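S.K.: A single structure is presented below for examination.
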Amino acid sequence: MTFEDLGLSPALLSAIADAGYEKPTPIQEGAIPVALTGRDVLGIAQTGTGKTASFTLPMIERLSRGRARARMPRSLVLAPTRELAAQVADNVKLYAKNHKLNMALLIGGVSFEPQKKILDQGADILIATPGRLLDHFERGGLLLTGVEILVIDEADRMLDMGFIPDIERILKLLPPRRQTLFFSATMPSEIKHLVDTFLRDPERVEVARPAQTADTITQYIVRVSDNQARTKREALRDAINRDGVKNGIIFCNRKRDVDIVARSLQRHGFSAAPIHGDLDQNQRMKTLAEFKSGELRLLVASDVAARGLDIPAVSHVFNVDIPRNADDYVHRIGRTGRAGQKGEAVTLVSSEDNKALAKVVKLIGQEPAELKLDGKAQPAPAEAAAPASEEPKTASSEEKPKSRRRSRSRNKPEAEAPAADAPKAETVSERAPAPEKTERKERPARNERSSRQDRKDRYDRHERDLSPVGFGDHVPEFLLRPALP
Ligand code: AMP
């Protein structure tokens, strides 16, 4: 099948050809013709299958006729993380280059005003993370009653991140007569319920899940002698210094460890930078661009920040610890060994990780081989003298593993963590539709203000959950002495 067979217009076909795509992927073959008719689509597909084009192409086609009105976006794409939303925006820019469509990107960590301006001008396509969208809505910055097409991307990730109540709220603000394109890699019962409630007779398009772990990936574990992060950092340096390590992504379970590991690698002369939700948006984008261009060799990441990112093949994936959710192990190591190329995944395992390792082994149906390192990595002087605050806290003060289905009130997703950085709002074209009369009050109603406050309170509570209790960073000497027999 060719893209011409899917019923796309010459303007889109030319943009697709410029992108270098020769033929549609299976999810595109299944979803595009159905979406073009205006029917709802339930797409079961993962990142890497070409799913973004499977919803953006028909969306652009259907929006090519008509015009946006002030504060009333014509389509809405909801993505779980800032990076995913930005990635969808990049795709739209690529495919809509021959169209005159306005696009706004509402993501956390950027100031409201410039985004509000684009919405005021009229956006054909609005791409947003759920929290940021609701904030805008509550401030009276937009009306959702003009949305003709809704896309929900990575719905199961939304569930993991506690976004489902926000999604349900947003769905109730949209007009019932709309098209919904809904994508999820898996269909847990909560997602099925959402689909049954909010989609109308969707066409289900499913593409086979890739083999759990590709044969092109060689998996190793490295046993480290104790639970101290410094030992893991030494093992990590040894693992990176092996032959054949061109570049790599290093995963840590905790945001704080992402920073510690990145700083430690930098001190040892490695080209490394962190990416996680507490870093400002511009910084994250810059780091990602440098990694993609090859300027940066090692990207130290948390699962949420790296989730769904379209990063070209890397030679290695390193896991500083085993993810709490065994599925994430498969996602992590899938960053290497892509498109038939060989890749290696090296996971550092301390006794604390044994339980999580057992879950991974059960899921992937194999036990990674044990790799012995020569142990040549030396702590750098700066590292040896690292301040106590850089060291991991005692086990009792570390973040507790969270359950997979956690509520948003306990776990403010890192993607939505507030950050003060430069505005980010983008348009495909600079067309400025005629301004319209304000159709909505400027000030949010009292209950809207209080729900915004609720979200802030939940975030604050979550931050408190992560704060050390008791002695915090400082552990008195006497507690570190071995117990008497
Ligand atoms: P996605 O699953 O949407 O994240 O897409 C993964 C990657 O596949 C992206 O880099 C896309 O640019 C690329 N891609 C999407 N559709 C095609 C296609 N038909 N042919 C080749 N590459 C594609």
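The values are calculated or read from the model by the stated rules, or taken from the named source; none is laboratory data. Because the structure is predicted, anything quoted here is derived from the model rather than measured. Because the Cβ atoms are built from the backbone with ideal geometry, glycine has one as well, and the counts that use them run over all protein chains shown.
S.K.: Answer yes if at least one residue in region 36-44 is of a type in the set (Gly, Ala, Ser) and part of a helix (DSSP H, G or I), and no otherwise.
M.R.: No, region 36-44 has no match at all.
S.K.: Right, here's the next one. Among the residues that make up region 95-116, is at least one of them within 16 Å of the ligand (Cβ to nearest atom), in a loop (DSSP other than H, G, I, E, B) and touching an Asp or Glu at 6+ places or on another chain (Cβ under 8 Å)?
M.R.: Yes, the conditions are met somewhere in region 95-116.
S.K.: Which of (1) assigned to a helix (DSSP H, G or I); (2) without any contact (Cβ under 8 Å) to a residue 40 or more places away in the chain; (3) within 14 Å of the ligand (Cβ to nearest atom) is the odd one out, the single condition residue 84 does not satisfy?
M.R.: (2)
S.K.: Which of the helices (runs of 4 or more DSSP H) found entirely inside region 253-362 contain at least 3 residues meeting this: under 24 Å from residue 89 (Cα atoms) and more than 22 Å from the chain's Cα centre (by Cα)?
M.R.: On the way: elements: 255-267, 281-293, 303-306, 326-333.
Helices (runs of 4 or more DSSP H) meeting the threshold: none at all.
S.K.: Still on this structure: Say whether the condition of being part of a helix (DSSP H, G or I), within 14 Å of the ligand (Cβ to nearest atom) and under 24 Å from the mean Cα position of the chain (by Cα) is met by at least one residue in region 6-21.
M.R.: yes
S.K.: Condition (residue is of a type in the set (Gly, Ala, Ser), within 16 Å of the ligand (Cβ to nearest atom) and surrounded by fewer than 21 Cβ atoms within 10 Å (Cβ to Cβ)) applied to region 41-54: is it met by at least one residue?
M.R.: Scanning region 41-54, I find at least one residue that is of a type in the set (Gly, Ala, Ser), within 16 Å of the ligand (Cβ to nearest atom) and surrounded by fewer than 21 Cβ atoms within 10 Å (Cβ to Cβ), so the answer is yes.
S.K.: Could you tell me which of the residues 139, 157 is of a type in the set (Lys, Arg), in contact with a Lys or Arg (Cβ under 7 Å, 6 or more places away or on another chain) and within 26 Å of residue 282 (Cα to Cα)?
M.R.: Values: 139 fails: in contact with a Lys or Arg (Cβ under 7 Å, 6 or more places away or on another chain).
Exactly one of 139, 157 is of a type in the set (Lys, Arg), in contact with a Lys or Arg (Cβ under 7 Å, 6 or more places away or on another chain) and within 26 Å of residue 282 (Cα to Cα), namely 157.
S.K.: Here is a follow-up. If the requirement is being outside the structural domain of residue 285 (by TED's automatic domain parsing) and under 22 Å from residue 34 (Cα atoms), which of these qualifies: 175, 165, 130?
M.R.: None of the other options fit; the residue is 175.
S.K.: Filter region 22-32 for residues that are surrounded by fewer than 19 Cβ atoms within 10 Å (Cβ to Cβ) and near the ligand (Cβ under 8 Å from one of its atoms) and give the result.
M.R.: Within region 22-32, 22, 23, 25 meet the criteria.
S.K.: Hey, does region 64-74 have a residue that's in contact (Cβ under 8 Å) with a residue 24 or more places away in the chain and within 19 Å of the chain's Cα centre (by Cα)?
M.R.: There is no residue in region 64-74 that is in contact (Cβ under 8 Å) with a residue 24 or more places away in the chain and within 19 Å of the chain's Cα centre (by Cα).
One line per residue, one yes/no per condition, for (1) small (Gly, Ala, Ser); (2) in contact with a His (Cβ under 8 Å, 6 or more places away or on another chain):
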{"site": "316", "(1), (2)": "no, no"}
{"site": "320", "(1), (2)": "no, no"}
{"site": "343", "(1), (2)": "yes, yes"}
{"site": "353", "(1), (2)": "no, no"}
{"site": "356", "(1), (2)": "yes, no"}
{"site": "361", "(1), (2)": "no, no"}
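S.K.: Go through (1) assigned to a helix (DSSP H, G or I); (2) away from the ligand (no atom under 12 Å from the Cβ); (3) not polar (S, T, N, Q) one by one and return the number of the condition residue 76 breaks.
M.R.: Just one mismatch for residue 76, condition (1).
S.K.: Sticking with this structure for a sec: If you check residue 35 against the conditions, is it more than 14 Å from the ligand (Cβ to nearest atom), buried (at least 22 other Cβ atoms within 10 Å of the Cβ) and touching a residue at least 24 places away in the same chain (Cβ under 8 Å)?
M.R.: Taking the combined requirement at face value, the residue satisfies it.
S.K.: Restricting the first residue to region 181-198 and requiring it to be at pLDDT below 95, which pairs with a second residue that is among the small types (Gly, Ala, Ser) and in a strand (DSSP E or B) meet a Cβ separation below 7 Å and a spacing of at least six or different chains?
M.R.: Filtered contacts from region 181-198: 191/184.
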